[in-house]
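Reviewing the structure listed below.
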Amino acid sequence: MTFMGMTIWIRGARLKTLPLAIAPVLIGASLAWRDAGERRVAVAVLCGFVALLLQIAANFANDYSDGIRGTDAGRAIADEQLSRGPARLVASGVNPKKVLVAAGICALAACLCGLAVIALTGYWWFILVGIACLAACWCYVGGKHPYGYHYLGEIFVFIFFGLVATCGTMFALSGTITPDGLLGGSAAGLVAVAVLCVNNLRDIESDGNHGKHTWMTAMGLRNGTIFTIAILIISALIALRHLLQSSIYAANGIPLIAIIAILCAAQIAASYAIARKTYRRALPLCSLDSLTVAAIFVLSTMLA
């Protein structure tokens, strides 16, 4: 494979979105770490690989489905500077079947990692969770009636990139799910929804032309922008609530101030980019913001 060919595939994997897969795993692992068993490192790492590989599989599957529908028209590598968003594989001339095969390979690798988690934990019902995740990856924009085209994309992203990833990791490690796990999953899920909203704000006109109905096409540009910034702020408030309720609040004043300052800076940068409609900058900033939120949960647990 040539260097240019590898570059196209790397772009197709959408590396800027991958922090969204890691953040909920970090949150779930940090909350369960003290109650986890001897194999906690192996289980946590495997959960991370499951999340990453499913994210990449979903990105390839979305590229395939939107590409053959024509939704990604005008998003080729060659004219990326003139396109409305990052380049896509099918739109760049890559054979759609190859993109679909790549999605399948990543999904298969995720399944193998998931089976390893099941073997280590003994939670065989995780197979049902895995099947649900695979179905959600494909049906987002794939199939005859993709839910991503009918106002449901944001809901499913919140569930799977937030609650399922966080609580699934937490349960795999400790065999339990706490209220903090649900709140942490909600924080991660809200940031993931914000990233999706940034994508949909950028594509609001073309999505409407291709019959792709999202919350942004329903709200419009102004209200959609306000909504996206609002859910980012809510995710930060959830993280701050967890931080202030931990013992770090009483014993570690300087680290507390530093953590809050970093979180606020990340929120301001992402919100400013969204408000200015500089979506190419806003998307990676929002993705990195998910790691900032996750860092709040990790550090508050480590320093407690």
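Scanning the stretch 238-249 for residues that are in a helix (DSSP H, G or I) and either open to solvent by less than 40 Å² (accessible area, probe 1.4 Å) or modelled with pLDDT of 90 or more (or both) yields 238, 239, 240, 242, 243, 248. Looking across the stretch 208-237, the residues that are aliphatic (A, V, I, L, M) and either open to solvent by less than 30 Å² (accessible area, probe 1.4 Å) or in contact with a His (Cβ under 6 Å, 6 or more places away or on another chain) (or both) come down to 216, 231, 232, 236. Going through (1) touching a residue at least 40 places away in the same chain (Cβ under 8 Å); (2) under 23 Å from residue 53 (Cβ atoms); (3) of a type in the set (A, V, I, L, M, F, W, C) one by one, residue 183 falls short only on (2). Among the criteria (1) surrounded by fewer than 16 Cβ atoms within 10 Å (Cβ to Cβ); (2) modelled with pLDDT under 95, the one residue 252 does not fulfil is (1). Scanning the stretch 69-92 finds no residues that are among the charged types (D, E, K, R), at pLDDT 80 or above and either over 22 Å from residue 205 (Cα atoms) or in a loop (DSSP other than H, G, I, E, B) (or both). Listed residues 201, 183; which is open to solvent by 30 Å² or more (accessible area, probe 1.4 Å) and part of a helix (DSSP H, G or I)? Just a single option satisfies the conditions, and that option is 183.
Of the residues making up the stretch 264-302, those that are surrounded by 21 or more Cβ atoms within 10 Å (Cβ to Cβ) and not small (Gly, Ala, Ser) are 267, 274, 283, 285, 286, 289, 292, 293, 296, 297. Contact map, the stretch 291-304: residues that are more than 8 Å from residue 23 (Cα to Cα) paired with residues that are open to solvent by 40 Å² or more (accessible area, probe 1.4 Å) and in a helix (DSSP H, G or I), Cβ distance under 7 Å, separation 6+ or inter-chain. Pairs shown: 292/262; 298/26; 301/33; 303/255. The residues in the stretch 179-209 that are modelled with pLDDT under 95 and either among the polar types (S, T, N, Q) or in contact with a Lys or Arg (Cβ under 7 Å, 6 or more places away or on another chain) (or both) can be counted, and the count is 6.
Only one of the numbered conditions (1) in a helix (DSSP H, G or I); (2) under 30 Å from residue 11 (Cβ atoms); (3) out of contact with any Lys or Arg (no Cβ under 8 Å at 6 or more places or on another chain) is not met by residue 299, and that is (2).
Of the helices (runs of 4 or more DSSP H) lying entirely inside the stretch 109-175, the ones with 3 or more residues being open to solvent by 40 Å² or more (accessible area, probe 1.4 Å) are found at 126-139, 153-158. Only one entry of 276, 280, 202 meets the criterion of being more than 26 Å from residue 27 (Cα to Cα), touching a Pro at 6+ places or on another chain (Cβ under 8 Å) and of a type in the set (Lys, Arg), and that entry is 280.
The values are calculated or read from the model by the stated rules, or taken from the named source; none is laboratory data. Since the model is a prediction, treat every value here as computed from it, not as a measurement. Note that we place each Cβ from the backbone using ideal geometry, even for glycine, and neighbour counts take in every protein chain shown. All accessible areas refer to the heavy atoms of the entire protein, side chains included, with ligands and DNA or RNA removed. Shrake-Rupley method; radii C 1.70, N 1.55, O 1.52, S 1.80 Å.
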